Amino acid sequence: MSPLDVTQEALKAHLMEYSVKTGDFVLKSGKRSTWFIDSKQTACRPEAMELMATALLALVPDEATAIGGLTMGADPVAFITAGIAATRGRHLKAFSVRKEEKDHGAGGRIAGALLPGDKVVVTEDTVTRGTSLLEAVHAVQAFGAEVILLTAIVDRGGTCEAMAAAEGLPFKAVLTAPDLGFPFEGGA
């Protein structure tokens, strides 16, 4: 097994222990599911931060200059990944996309170290339909940065790759619902 495979397996084990819950859940879409994942329970624990960042950095293209996405789902993923990258000599700026435009201070939807022209990875902790990813993509593009990749720690829906392709963008997930032993939710 490669070092990356070992990292992904350890991340998967951590997600299964701390983030995945089984039962009867109502999803954001209003649909019901027999499982739920709160990836922040993994992303925000110190023993898993490096695992998550290492697995995600393996997907991030060398030309990327910034990583971020819609607050709150992307925040721990982006900021931890940028921090770990810096300790390895790789410089990625981190940012958040606000859910609505700020009307005071500098204003706008972007908070953090994003500049027009940056080559951006838009990320999220867990995606089902991918609507948060797309919302962040559009805000980043309106700001003047170039989105080069969409990522997630977990793809639970199985529809994000097609959704991203329709926007002319690649999508890669570190892990998928089937990797965790569950069927895709099909964009629930």
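To keep it simple, each residue is scored yes or no on (1) among the charged types (D, E, K, R); (2) touching a Ser or Thr at 6+ places or on another chain (Cβ under 9 Å); (3) more than 20 Å from Thr151 (Cβ to Cβ).
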position: Met16; (1), (2), (3): no, no, yes
position: Phe25; (1), (2), (3): no, yes, yes
position: Gln41; (1), (2), (3): no, yes, no
position: Glu50; (1), (2), (3): yes, yes, no
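Evaluate region 34-44: report whether one residue or more is under 20 Å from Pro170 (Cα atoms), in contact with a strand residue (DSSP E or B) (Cβ under 7 Å, 6 or more places away or on another chain) and loosely packed, with under 15 Cβ neighbours inside 10 Å. Within region 34-44, not a single residue is under 20 Å from Pro170 (Cα atoms), in contact with a strand residue (DSSP E or B) (Cβ under 7 Å, 6 or more places away or on another chain) and loosely packed, with under 15 Cβ neighbours inside 10 Å.
The listed residues are Gly73, Gly30, and the only one of them that is modelled with pLDDT under 95, surrounded by 14 or more Cβ atoms within 10 Å (Cβ to Cβ) and in a loop (DSSP other than H, G, I, E, B) turns out to be Gly73. Residues being within 17 Å of Ile37 (Cβ to Cβ), of a type in the set (D, E, K, R) and modelled with pLDDT of 95 or more are represented in region 119-142 by at least one member. Here is a check on your reading of the model: is Thr71 in contact with a Ser or Thr (Cβ under 9 Å, 6 or more places away or on another chain) and touching a residue at least 60 places away in the same chain (Cβ under 8 Å)? No; evaluated as a whole, the condition is false for this residue.
Restricting to region 138-157, what's the tally of residues that are part of a helix (DSSP H, G or I) and either closer than 16 Å to Leu11 by Cα or hydrophobic (A, V, I, L, M, F, W, C) (or both)? Count: 4.
Please find, within region 82-98, the residue that is nearest to Asp62 (Cα to Cα) out of those that are assigned to a strand (DSSP E or B) and among the charged types (D, E, K, R). Before you say what the answer is, go through the steps one by one.
Filtering region 82-98 for residues assigned to a strand (DSSP E or B) gives 93-98.
In the following step, the residues that additionally are among the charged types (D, E, K, R) were identified as 93, 98.
Details: Lys93: 13, Arg98: 26 Å.
Ranking the candidates gives Lys93 first.
Filtering Glu146, Glu167 for residues that are surrounded by fewer than 19 Cβ atoms within 10 Å (Cβ to Cβ), in contact (Cβ under 8 Å) with a residue 12 or more places away in the chain, in contact with an Asp or Glu (Cβ under 8 Å, 6 or more places away or on another chain) and over 30 Å from Thr34 (Cβ atoms) leaves a single hit, Glu146.
The values are calculated or read from the model by the stated rules, or taken from the named source; none is laboratory data. Computed from a prediction, not measured in an experiment: that's the story for all the values here. As a convention, Cβ positions derive from the backbone with ideal geometry for all residues, glycine included, and neighbour counts pool all protein chains shown.
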